[in-house]
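Asker: Right, I'll just put the structure down here and ask away after.
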Amino acid sequence: MALPFILGVAVGAGAVIAYKNKELLKQKSSKLFDKSKDFANQTIEKTKENVSHLKENICCKKENLEEKCEVEKKENE
C-alpha cells in the first residue's frame with residue numbers, strides 16, 4: 001500500500017527539481033542533441049562513401065569479367 005505513495009512522492013520531487021533546473025536541462029539536452037546530430041551526419045557521409053566505393057569495385061569486377069569472357073570467346077573460335 002505504501003509503494004504507490006512513495007512512487008508518487010518520488011515522481012513529484014523529480015518534477016519539481018526538473019522545473020527548477022529547466023534552463024540547465026535545456027542546455028544539456030541541446031548539447032546532447034547537437035552531438036547526436038553530428039554523429040548521425042558523419043555516419044551518413046561515411047555510408048555514402050562506402051557505398052560509392054562498393055559500386056566502383058562492383059563495376060570494375062564486372063568489366064574485368066566481361067573482358068575475360070570476350071577473351072575466352074576469341075580463344076574458343
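Asker: Filter the stretch 20-58 for residues that are within 14 Å of the chain's Cα centre (by Cα) and among the hydrophobic types (A, V, I, L, M, F, W, C) and give the result.
Answerer: Residues satisfying the conditions are Phe33, Phe39, Ala40, Ile44.
Asker: Please count how many residues of the stretch 5-21 are open to solvent by less than 90 Å² (accessible area, probe 1.4 Å) and assigned to a helix (DSSP H, G or I).
Answerer: Result for the stretch 5-21: 9.
Asker: Can I ask one more? Within the stretch 53-73, can you find the residues that are open to solvent by 90 Å² or more (accessible area, probe 1.4 Å) and not charged (D, E, K, R)?
Answerer: His53, Leu54, Ile58, Leu65 - these are the residues of the stretch 53-73 that are open to solvent by 90 Å² or more (accessible area, probe 1.4 Å) and not charged (D, E, K, R).
The values are calculated or read from the model by the stated rules, or taken from the named source; none is laboratory data. Bear in mind the structure is a predicted one, so any value in this text is a computation, not a measurement. When the accessible area is computed, the model is the full protein with side chains, heavy atoms only, and any ligands, DNA or RNA have been set aside. Shrake-Rupley method; radii C 1.70, N 1.55, O 1.52, S 1.80 Å.
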